[in-house]
Amino acid sequence: MNIFVVNCGSSSIKYQLFKWPSESPICTGLVERIGLETSNITHKVYLNGEEKVTKMTLELPDHEAGMQEVGRLLTAEGIAVIHDPSEINAVGHRIVHGGESFSKTAVITDVVKEEIKKLAALAPLHNPAHSIGINVSQKIFANATHVAVFDTAFHQTMPEKAFRYAIPEKYYTEHGIRVYGFHGTSHKYVSEKAAEFLGKPDAKIITVHLGNGCSMAAVDGGKCVDTSMGLGPLDGLIMGTRCGNIDASVVFYLVSQLGYEIEQVDTLFNKRSGMLGLTGYSDMRDVENAIAQGDEKSTLAYDMYTYRIKKYIGSYAAAMNGLDAIVFTAGVGENAADIRELVGADMEYFGFKIDEEKNKVRGPFIREINTADSKVKVLVVPTNEELEIAKQCHDLLA
C-alpha cells in the first residue's frame, strides 16, 4: 500500500510517502515559511540506497501554491518516486480539530469535509489550511482513499475534571465547550517512543512539543491526563504568533475600552501575538539571531517562553504525583539547545538536571540529555507525526 501523508501546519507543509508495511519513507519533504517573503522547500527521495535532495527558495503565498509544487516534485524527472498519481492508494491528512464530531480516524467524505470547515473557528490557523490540503490532494490523487487523522483524539482519555471549564454545564452539553487539546498525534508518538526507550510502559511523562505551535501533555501510563491547549489551539504556551494563556479580562478591556471588534481580538491573539508580538519575528531562528545581536526584547521573549514551560512542568508533575521523564520534541524542541537549557535551569527541586555537553548533540535520533545524577530523565525524541498518521491510515483501511 502506497500511503502519502500530508501535514499542513499554520505556515508549513510536511509530507512523506510510505510503501507500507515499510516504516521508512521513500520520500520526505518540508515546505516552510509559507506566506512570508520567501518560502523554502526541501524535498528528499530515497532511491536505490541513495538520498537525493532538492532545495528550492521561492515565493509561496499560500498552502495551495505549496501543495501544487509538492505534487510536481513527486513526479519530476530524475527524482520521481511515482510515475502517475494513481499509484497512491491512500492519503492521510493531519487535521488539528475534530471537535465533538470526531474522536477517531475517519475516511474523508463530503460530510467530513464540511464538518472540518465548520470547526475552522476553533482552529483558525490550521483547519482552513487542512481543508485546502484535502481539496488540492483530492485533485492530484483522485483515485486514492483520503483519511483524516485528528490531533484531538489522543487527548480523549483526559478525565472530566481536566477537560471541563468552570462555566455552566449547558455550555459543555449543548455547545461542546471543553478542553480538546492538540498536537495529539505527536504527543502520542513521542510518549510511546520514550516509554520504549525507558523500558517502562507505565512511565509518567511530560511531553513538550515546541514548534510554531506549542503544547505540552501529561501522559501517565500511555494515557493523556492533561494538556495545555484548550477549546482551540490558542491556550497554553507562548507560540510563534499565538499568545497562549491570557486573562479573559484582556478581551473585555480591548472591546469595551479600546473599541476592538471581536474579529480584531481574534486576529491579535492568533496571528500577531506570541513571539511575533514580542519580538517582531515568528520564526525562532530569527529570534535567536536577534538575541545574538543583543536585542533585549528577544531576550525577554526567550525568558517568558521558557518560564511558561517551567510552570506547566510543575503543574503536571503535581497532577501525576510523580515524573519519570520530560520529552522535548518538534522543530524548536529538537533543535534549540538553549531553549532546553533555560527550561532546565534551577529545576533541581523537580529532580532533573540537563548535561550541557549532551544537550549540544544534534541528530535525528532519541537521546538522553540529563546528567548522570538526575532523578528524572530528560529526552529529545524526534517526532514523526507522518509515520503515526500512516499507521492509522493502514489500520483503518486494511
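Here, each number is a calculation from the coordinates, and none is a lab measurement. Note that the structure is predicted; figures quoted are calculated from it, not measured. Neighbour counts are summed over all protein chains in view; Cβ atoms, including those assigned to glycine, are modelled from backbone coordinates with ideal geometry.
Table for the structure above
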{"item": "Beta bridges by DSSP in the chain, antiparallel share as percent, to the nearest 5", "result": "70"}
{"item": "Distance histogram in 10 Å bins (all Cα pairs of the stretch 115-240, percent per bin)", "result": "12, 37, 32, 16, 2"}
{"item": "Simple Cβ-charge dipole of the stretch 36-130, Lys/Arg +1 and Asp/Glu -1, about Cα centre, in debye nearest 20", "result": "280"}
{"item": "Relative contact order, percent, the chain [alpha-carbon distance under 8 Å, six or more residues apart]", "result": "13"}
{"item": "Relative contact order (%) - criterion: Cα under 8 Å, at least six apart; region: the stretch 105-223", "result": "19"}
{"item": "Cα-Cα over 30 Å, subset of K117/K170; K14/K375; K52/K204; K52/K360; K297/K353; K311/K375", "result": "K14/K375; K52/K204"}
{"item": "Charged-residue dipole, Cβ positions (Lys, Arg, Asp, Glu), the stretch 161-302 about Cα centre, Debye nearest 20", "result": "380"}
{"item": "Chymotrypsin sites (Phe, Trp or Tyr not before Pro) lying in DSSP loop within the stretch 333-398, provided at most 11 other Cβ fall within 10 Å", "result": "F365"}
{"item": "20 °C / 1.002 mPa s Stokes-Einstein diffusion coefficient of the stretch 221-290, Kirkwood radius on C-alpha pairs, µm²/s", "result": "161"}
{"item": "Gain on full stretching of the segment that runs from A398 to Y172 - 0.36 nm per residue minus C-alpha separation", "result": "77.8 nm"}
{"item": "10 °C / 1.306 mPa s Stokes-Einstein diffusion coefficient of the chain, Kirkwood radius on C-alpha pairs, µm²/s", "result": "73"}
{"item": "Debye, to nearest 20: dipole size of the stretch 236-296, +1 on Lys, Arg Cβ, -1 on Asp, Glu Cβ", "result": "100"}
{"item": "The stretch 220-258 versus the stretch 39-62: alpha-carbon centroid distance in Å", "result": "35"}
{"item": "Structure-based [θ]222 nm, the chain - -39500 (n - 2.57) summed over DSSP H runs of at least 4, per residue, nearest 500", "result": "-11000 deg cm²/dmol"}
{"item": "Gyration tensor (alpha-carbon) shape descriptor, the stretch 151-210, a/c threshold 1.5", "result": "prolate"}
{"item": "Extension reserve of the E100-K52 stretch, reckoned as 0.36 nm per residue once the Cα distance is removed", "result": "13.0 nm"}
{"item": "Cβ-based charge dipole, the chain, positive-most Cα from N212, A372, A345", "result": "A372"}
{"item": "Shape of the stretch 185-338, Cα gyration tensor, a/c cut at 1.5", "result": "oblate"}
{"item": "Where the Cα pairs of the stretch 39-189 fall when distances are cut into 5 Å bins, in %", "result": "2, 8, 15, 17, 17, 15, 10, 7, 5, 3, 2, 0, 0"}
{"item": "The stretch 260-326 versus the stretch 89-134: alpha-carbon centroid distance in Å", "result": "27"}
{"item": "Contour minus Cα-Cα distance for L258 and E356 (0.36 nm per residue)", "result": "30.6 nm"}
